[in-house]
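Worksheet: one structure, shown below.
Values quoted throughout were computed directly from the atomic coordinates according to the rules given, and no laboratory measurement underlies them. Being a predicted model, the structure only gives us computed values, none of them experimental. Cβ placement follows ideal geometry from the backbone for every residue including glycine, while neighbour counts extend to all protein chains displayed.
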Amino acid sequence: MTTSARRRRTGWRGLPEPEASSYEISIRNKSEQDIRSLIEMKNRVSFSMIATVLIFVLLFGSTEQVYSKAHTPEDIYYFENFNGFPRRRLPGGWLHRSTGEVKPTIEEYGGYGPDYRLVSFPEVGWEYWDCWALRDGITASGSYIAQIKLNFQNSIADRAGLTIAWDDTVWDRIDIQPNVSRNDIEFRVTYTGSVPYNLVIETLADITVNAHTDYWLKIFANDYGPGYGVVDVFWSTDSITFIHVLHVTGIPNLTGLIGMSTAGPSLPHTHFDDFLIYTPAHPANIP
Ligand SMILES: [Ca+2]
């Protein structure tokens, strides 16, 4: 756990409590709204659980007291807009990995100054130089959410998206990457361990992927034991309304680092921004 990853006590819906800094509050509110909208979208929190929590609230007066009495583990909540990193370099605190010589760097796009900074992965044609930038120090496991904003700068190219469950010793991973030429989201498991598994990828919706268009890719991960991981993949054009695109079961492992990546014979020049990891102390809040 690094210092930049913030641990917080939870509110009654498993969302992070406010902090003093207005800068962080503005970011937090955006993400909280985002998380809340998705949680509401899935809407599988049982009424009985809500009723139980409300009873506790009434009994003890505040959620802070409820959870401090119960010694509940804290959330991990991490949001990164990359605005604080210097240009032309890899962002600090991120692991860079590539099967070739691809280097993502911080760039400014659409204007000048920190507000326009993002992570840019370069275009590489016909080399199979897959590339990853992984947030170091946050090993997600159990139930968690990850989200990235991405914008393809090439219309004829391959894949860019999220990578989860990264094992840095063997590069085992799950790459969840929209393909800008094929108009779909590819879900690829690279696993060298001994756990038997039966991966089933169910496509629930068709999508269109255009270049020079902002998209948000979000995943819900739920680990029901070795070989029984489940990931649901969502896609949005406005960060508010998400389409449920993939339901994947039989995943061997969901524990590991999370980051962004490009892949394929033709690596797309891709802009990534607004990266989010959220692991709630109360996984029941994640459907
Ligand atoms: Ca940014």
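Which shape class applies to region 84-129: rounded if a/c is under 1.5, otherwise prolate when a/b exceeds b/c and oblate if not, where a ≥ b ≥ c are the square roots of the Cα gyration tensor eigenvalues?
Cα axes put region 84-129 in the oblate bin.
Starting from the Cα gyration tensor of region 77-285, take the square roots of the eigenvalues, sort them a ≥ b ≥ c, and report rounded, prolate or oblate (rounded when a/c is under 1.5, otherwise prolate if a/b is larger than b/c, else oblate).
Rounded is the answer for region 77-285, as its axis ratio a/c remains below 1.5.
Magnitude of the Cβ-charge dipole of region 107-245, K/R +1 and D/E -1, about the Cα centre, nearest 20 debye?
180
Starting from the Cα of T237, step 7 Å along the direction of its Cβ; do the same at W171; then give the gap between the two resulting points in nm.
3.6
Using the basic label-point model (7 angstrom from Cα toward the beta carbon), what is the L90 to S141 distance in nanometres?
Each label point is offset 7 Å from its Cα along the Cβ direction, giving 2.5 nm.
Which ³J(HN,Hα) values, rounded to whole Hz and listed in residue order, are derived for region 223-239 from phi using the Karplus coefficients 6.51, -1.76 and 1.60 in 6.51 cos²θ - 1.76 cosθ + 1.60 with θ = phi - 60°, glycine and proline given as x?
9, 9, x, x, x, 10, x, 10, 10, 10, 10, 10, 9, 9, 9, 9, 6
Where in region 138-246 are there trypsin sites (Lys or Arg not before Pro) that are in a DSSP coil and have at most 16 other Cβ atoms within 10 angstrom of their Cβ?
R182
Just to verify a number: FRET efficiency for V200 and E127, C-beta to C-beta distance, R0 = 25 Å, to 0.05?
It comes out at approximately 0.20.
Check each of the chymotrypsin sites (Phe, Trp or Tyr not before Pro) in region 126-222 and keep only those in coil by DSSP with at most 12 other C-beta atoms within 10 angstrom; list them in order.
Of the chymotrypsin sites (Phe, Trp or Tyr not before Pro), the ones in loops of region 126-222 whose Cβ has at most 12 other Cβ atoms within 10 Å are W126.
Quick check: from the Cα gyration tensor, does region 118-242 come out rounded (a/c under 1.5), prolate or oblate?
Taking the square roots of the gyration eigenvalues as a ≥ b ≥ c, region 118-242 is prolate.
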